[in-house]
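For reference, the structure is listed below as C-alpha cells.
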C-alpha cells in the first residue's frame, strides 16, 4: 500500500447489544477474520460479538443513527469472555473466559458451529488472554489469577506446557511474527520474552506502572496490552500513563508516548503504529530513528523521546474505550468503544 497521510472515518459503524437493555457492552479486543469480511470483538458479555462488514447499515429504535448490527456467538456458561483469537487461516476461534474455560470453535463459511470442538479447564481462575501462534499449531493463554502462561495444541486444546515467571495478574500474551518467541505482560510490571521451542525465558523487561489493585483498575496496573512490529524489531507496551516502545532484541526503550494508554497495535506491513485509550494517536514512525538514547555525562540512561515520525490522525473514543486492530489488507483500522460499537477508519 502507498504510505497513508490521514485517517478517514468509514460510513459504517458496527454495534451490538443483547436485546435486554443491560447497558453498554464495552468492547475490549477486536480482530478481523483473515479471509472473510467479518470483524469479531470481545465485549462485556459471555459471548463474542461478530459483524459482517459488507452488510448494509440499518436504523435502530434504541440507538440514534444507522449501524451494521452484530450477533453474539461462541457462548460461555457464565461470566465474560476475557480473551480470544482467530486462527491465522480463519478456520477456528479460541475463547478464554472468566468461567475458567478455554473453548475452541470451528468457523465454517459464515457461521460458527453451535458447540465447541474442544472445551477445557484452562487456568486456576480467569483465563485472561489467548493467542494463536503464527502457524496456528499452538495457542498461548494467560491466567489472570494463577499468573501462569499455558501452551495448548491449536487443534485439540491438549496441554503442552506451563510456564511460570509472573508475580501478579497476567494481562496479555502474544507471539512474535516469526513464531520464535512468546511475549507476556502482567500487573507485576514485567514483560517476559520466552523462546517458543525451549519455553525458557530469554529476557525480562521491566515496564513498571504497578499498583496493588489486583485487576480492579488494570489500566493503572503494570502491563495491559502488547504489540509487535511487522519485522519483530519493536515491542509496544501499553499500560498506565504511557505507551513505551522497546527494541525487542536489546530489551531497551527507544520511544515513549506519555498519555493514559490501554491499547497498542502495529500495522501488518507498513511503519504505522497506533496507541492510546480515550484518544488514539496514529503515527507513521521512522524505524531508523527508534534507537536507544545516549547516556548522559554521568553514564545514566538518557531520556526516552517521543515516537519519531509524523502523526496521521487521532480518534476520540470516550472513557475506557478499548479494542484496536488493522484489517488484513492494512487499509482499515477498527477501534472499539465503550458503548458496544466499533468504528472503522480508512488509511488514505
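Since every read-out is calculated from the coordinates, none of them should be taken as a lab result. Since the model is a prediction, treat every value here as computed from it, not as a measurement. Here the Cβ positions follow ideal geometry from the backbone for every residue, glycine too, while neighbour counts run over all protein chains shown.
What ranking do 66, 300, 337 get, fewest neighbouring Cβ atoms within 10 angstrom at the top?
On the way: 66 15, 300 8, 337 23.
Going from least to most buried by this count: 300, 66, 337.
What number in nm² do you get for the range 140-194 if you take the convex hull of its Cα atoms and divide its surface by four? All intermediate terms of the calculation are to be shown ahead of the outcome.
Numbers: hull surface 14.7 nm².
Projected over every direction and averaged, the Cα hull of the range 140-194 covers 3.7 nm².
Can you tell me the relative contact order of the chain? Whole percent, Cα pairs under 8 Å, sequence separation 6 or more. Intermediate values should be presented prior to the final figure.
Details: 1013 pairs, mean separation 50.8, N = 348.
In percent, rounded to a whole number, it is 15.
Can you check what the Kirkwood hydrodynamic radius comes to for the range 149-265, Cα pairs only, in Å to one decimal? Before the final figure, lay out the partial values.
Working: mean 1/r = 0.0699 Å⁻¹.
After inverting the pairwise mean of 1/r, the radius is 14.3 Å.
Ranking 260, 94 by Cβ neighbours within 10 Å, fewest first, what do you get? Could the numbers behind the result be given before it?
On the way: 260 17, 94 27.
Placing the least packed residue first, the sequence is 260, 94.
What would the Debye formula give as log10 I(q)/I(0) at q = 0.15, 0.18, 0.20 Å⁻¹ for the alpha-carbon point model of the range 78-191, no solvent?
With no solvent term, the Cα-only Debye profile gives -0.57, -0.82, -1.00.
Between the range 9-68 and the range 334-348, how far is it from one alpha carbon centroid to the other, in angstrom?
If we compute the Cα centre of each part, the gap is 10 Å.
Run a plain Debye calculation on the chain (Cα atoms as equal point scatterers, no solvent) and give log10 I(q)/I(0) at q = 0.12 Å⁻¹, rounded to two decimals, same order as the q list.
Ignoring solvent entirely, the Cα scatterers give -0.81.
Going by how many other Cβ atoms sit within 10 Å of their own, how do 99, 296 line up, fewest first? List each step's numbers first, then the result.
Values: 99 19, 296 10.
Ordered from fewest to most neighbouring Cβ atoms within 10 Å, 99, 296 come out as 296, 99.
Just need log10 I(q)/I(0) for the range 213-308 at q = 0.15 Å⁻¹, Debye formula, equal scatterers on the alpha-carbon atoms, no solvent, rounded to two decimals.
Per q value, in the given order, log10 I(q)/I(0) is -0.57.
Please find, in a Gaussian network model of the chain (springs between Cα atoms separated by less than 10 Å), the residue of 62, 317, 244 whose mean-square fluctuation is greatest.
62
How much space per residue, in cubic angstrom, does the convex hull of the C-alpha atoms of the range 1-106 take up?
128 Å³
Hey, how many Å between the Cα centroid of the range 233-308 and the Cα centroid of the range 94-109?
32 Å
Under 10 Å, Cα contacts only: if you run a Gaussian network model on the chain, which one of 320, 224, 169 comes out with the highest mean-square fluctuation?
Of 320, 224, 169, the Gaussian network model singles out 320 as fluctuating most.
Take the Cα gyration tensor of the range 272-316, multiply each eigenvalue by 5, square-root it, and list the three semi-axes largest first, rounded to whole angstrom. Each step should come with its number before you reach the end.
Values: eigenvalues 146, 31, 7 Å².
They are 27, 12, 6 Å, listed largest first.
Take peptides 198-208, 263-273, 183-193 and line them up by average Cβ neighbours within 10 Å, highest first, as a rough protection proxy.
On the way: 198-208: 14.4, 263-273: 21.3, 183-193: 24.7.
Output ranking for 198-208, 263-273, 183-193: 183-193, 263-273, 198-208.
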